[in-house]
1. It is to be established whether one or more residues within the stretch B:69-76 are at pLDDT 90 or above, under 29 Å from the mean Cα position of the chain (by Cα) and assigned by TED's automatic domain parsing to the domain that holds B:His29.
2. Using the structure shown, decide if A:Thr108 is at the interface with chain B (Cβ under 7 Å from one of its Cβ atoms), crowded, with 18+ Cβ neighbours inside 10 Å and within 25 Å of A:Lys38 (Cβ to Cβ).
3. If we keep just the residues of the stretch B:437-490 that are among the basic types (Lys, Arg) and in a helix (DSSP H, G or I), which is nearest to B:Leu397 (Cα to Cα)?
4. Counting only residues that are touching a helix residue (DSSP H, G or I) at 6+ places or on another chain (Cβ under 6 Å) and β-branched (Val, Ile, Thr), how many does the stretch B:101-131 have?
5. Please state which of the following conditions B:Ala417 fails to meet, knowing it meets all the rest: (1) among the aliphatic types (A, V, I, L, M); (2) in a helix (DSSP H, G or I); (3) within 27 Å of the chain's Cα centre (by Cα).
6. Mind checking which strands (runs of 3 or more DSSP E) fall wholly inside the stretch A:1-72 and carry at least 3 residues that are within 12 Å of chain B (Cβ to nearest Cβ)?
7. So which of A:Met214, A:Met218 is facing another protein chain (nearest Cβ under 10 Å), more than 17 Å from the chain's Cα centre (by Cα) and within 20 Å of A:Ser14 (Cβ to Cβ)?
8. Only residues that are closer than 20 Å to B:Pro211 by Cα and of a type in the set (D, E, K, R): list them for the stretch B:34-71, please.
Amino acid sequence: MNERPFTFCGEALSALTSGALWWPNESTLVVSDLHLGKAERMARRGGPMLPPYEIEETLDRLIGDCDATGARRVICLGDSFDDLGAAQATARAVSERLAPAMAGREWTWIEGNHDPGPVDIGGNHLAELQIGPLTFRHIAGHAPMGEVSGHYHPKARIVARGRSITRPCFLVDDARLILPAYGTYTGGLYCDHPDLAKLMSAQAIAILLGNPPMHIPMPRGLPQDP
Amino acid sequence: MDRPYLYPMTAPLPPQIEGWFSARGWSIHPHQREMLALADQPCQLLIAPTGGGKTMAGFLPTLVELADGEHDGLHTLYISPLKALAADIKRNLTAPIDEMGLPIRVEDRTGDTPSSRKKRQRADPPHILLTTPESLALLTSYEDAERTFKGLQRVIVDEIHALAESKRGDQLMLALSRLSALRPDLRRVGLSATVEDPDAVARILAKNPDPCAILKADPGPDPDIQMLTTEAPPPWSGGGGKYAMQAVLDQVKAHNTTLIFHNTRAQAELFFHHLWLANEDQIPIGIHHGALAREQRDRVEQAMVNGDLKAIVCTGSLDLGIDWGDVDLVIQVGAPKNVKRLVQRIGRANHRYNAPSKALIVPANRFEVIECVAALQAVREHTLDGETDHSGPLDVLCQHILIRACAGPFTADDLYAEVITTGAYADLPRTTFDRCLDFAATGGYALRAYDQWQRLIELDGIYRLRDPRATARIRMNIGTIVDADKMAVRLQKTRGGKPLGEVEEYFASMLRKGDTFLIGGEIVRYEGMREMTVEVTRTPYQKPKIATFMGTKFATSTQLSDRILTMFRQDDWPELPNHTRDWLKLQRDVSKLPERDRLLVETFPHDGREHLVAYGFAGRNAQQTLGLLLTQRMEEQGLNPMGFVSTDYATLIWGLDQVTEIAPLFSRENLLATMESWLADNAVMKRTFKGSAIIAGLVDRALPGGKRKSGRQATFSTDILYDTLRKYDPDHVMLEITRNEAMRGLVDFGRIEEMLMRIGDRIDHKALTRVTPLAAPLFLEPGRIPIQGLANERLLGEEAERLMEIAGLRMA
């Protein structure tokens, strides 16, 4: 398994190539912003009819990570569904596909801004969750310590030898950790966006998804150049 | 209805019109008279050189039919590929109509027309409406289309040769099939410049299976075309023709009005910039291209009409027969790439019919000198390039189905019957049509996911939009020109100010800090990207390092390539200027010249990367495919290719490692084996997919100026859709469309095979220490294709390490 280990609030964590976070000491796998049912929601609203395969694609990756890590506990950090309508429309398909992976695991769905409220699917449904020094919630809060969140879909761009490469990324500083979006149909927010720049300290590091993931100082404003 | 408008060759014209001609001492051209005589035919195609009174020939029957003032509503629809042309025709038509005192209302309708007038035009159309293919498609999408087009008799398609081979033309012809269904007596008229195969154009124009009468005007005397020779030699590489500035100015002074054509906007801008610097006599010169603001274009057009300008620097936006009076010289800067286009451009000069047109070609660099000489030979020998066979693309059909749905309910049988009256879709199988209809209605997925949310619902054989509000979205996406995503360019530290302009996102991603480029008439230096903005500073440099716009890419025809290879065989080239002769000799000395039955491959390091050049002379598209196949094999061999660029003659590949084993790379077996896996997964396919997905309505067109949810969190790359479809629905119609598009447009494997046959196993590998004379121009080519392979991981690794070190950060 390709991963990038790092320490956050004294805990040994690891960024996986897929965009999931792995916490070996707690045997916990964390993913954020699956946005399941996005294709369904767009079609429902009279928008484009995207290929309706993003649920399979996203869940198969998640099941793969569950198997590879052997995680006992899985936390989905919110916006697991693209909206409540999508949750209702796709809950059955999701729970059927996910059932084998959920069996025997402690599974927690954190509420997001897209999917506030419980969904008819197994597992715990919580606004946030505390484990040891770490707090799991969807959107980064004020004055946190050991906070793990999602929501922003951070991505970063670097320019190397004349080539610009963009990847989703983890953002981490002393106080908080922000996960990239795990869902297949998700865009991203450049981490030099003011919202993210304000949130993260000057020492923040971005871990770019790759094989293996790689860390760089979180880009702010202009990208560095060779 | 019997047609009262039959005019024998000798029949008198209505007195107002006859009087107007005779008052000016003019007589009607024979082909204008012939058009009148055949005006009742369902379809007419007039082939005439520019300046032959082509437009008048097209409109004369309309003026005659409307002269008695009895016609109510729209009579004639005129469609031109260019907005500027519509405006120009309006001017040139309104004047004689007023002078003749005819009771005829003429209006234009383009993307620039105010919406209040557009709305009024639908309810109360003029007698003659001048419009573009996109505006017409939009008009047919309204529920009141039937009322708007009530009374329509004739439709005139101008410059049909330019539309015939493009998706805009396909969209236009589909719209005409709709109009012909609404108005079964509608007569079609096509106006075309000289083409090699008029029958092919006629097939596209006519309502299948109607016949089409083809009229040919006297082509006039041969044009007088020469290469402009200058004392200073053209540069080794690059475009723009700055070296010839003084010679061009001298020519401008010696003529009444000169049009100076360029192949790209960037070159036109740059040339104009330098022309002004050299213009000590303050000769009035204007610039005109498609990226300029409308007011600016209007001003230039008006000044030209008034005779206030001695010269106009322009691009393809002026390419299509705009009749601006007293042009007596055309200068083409840069190689014409295609003999047909050269001849058509030259038709711009000297609109006095039956006088030879005068033109000068200014090669922009030394390779183009060779190309120009070859093109001039071809013109002298009257060999135009042939047309290609054209069958209607399915993405355009999918869009047409949605447009049809906006106008109201329809049955599949009726729509299919309409569509196959379009020449390019005449052979469309019903099953293929049904797949496109299914795609438009349900998404066409193997997994029937959207039964509840279909876009079109079918009830008793009638299709209609599920949600009528979808019309707004469909109309917003009308059109077949897909613009690349654009990024605003701003001066650093002027946040919120007016941007200097826009560049393609793709172009922006290729920039390095310190690169200079031209935008909005000034030269700027790239500093970096901030959010979705390119930040630049002003720079005192005179010459930009990078050409800004992709512009229109013209492919050099087979014919020209062959002529050039034949020329290379000569021991010496007395027909070429000395500087170019010397350049070819130098290439022969340091490396060698490409030959027809061998393949020259050069390798050399440059700028921290390894390079490989293959001179295949197979045409741009085939060279592009060759680049994809070669880089794929190089990727498999761990040679870390990073990208390539192709011209009509050569492919340049750059990467991290040197290639030493050349011959196996080019073996036919290897290339064929790579073909299948390659076809599925590469940047060109993804770019092709994106274009087709937008046209077919699978994704929405990006709104101008990026007016979307801030931060773009909601949007994601169409690459993801492409990958998902390939994995879960490999038979989906969008993938089929993409494959066909790529095969036809960008792949051209046929010419690679031709090349392989030609060269056999005769490959000459020259391993050199630096860029060769012939390779140098390739470094300035736009349209570089990046390879997103293992080189990325290696670069990321190197760069990540470096950045962490600089920042003094350590991973916790």
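The values are calculated or read from the model by the stated rules, or taken from the named source; none is laboratory data. Here the structure is a predicted model, which is why all the values come from computation and not from measurement. Cβ atoms come from the backbone with ideal geometry, glycine included; neighbour counts cover every protein chain shown.
1. Within the stretch B:69-76 (the criterion being at pLDDT 90 or above, under 29 Å from the mean Cα position of the chain (by Cα) and assigned by TED's automatic domain parsing to the domain that holds B:His29), the answer is yes, since at least one residue qualifies.
2. no
3. B:Arg475
4. Within the stretch B:101-131, residues that are touching a helix residue (DSSP H, G or I) at 6+ places or on another chain (Cβ under 6 Å) and β-branched (Val, Ile, Thr) number 3.
5. Unmet condition: (3).
6. A:3-8, A:11-16
7. Of A:Met214, A:Met218, the one residue that is facing another protein chain (nearest Cβ under 10 Å), more than 17 Å from the chain's Cα centre (by Cα) and within 20 Å of A:Ser14 (Cβ to Cβ) is A:Met218.
8. Those that are closer than 20 Å to B:Pro211 by Cα and of a type in the set (D, E, K, R): B:Glu34, B:Asp40.
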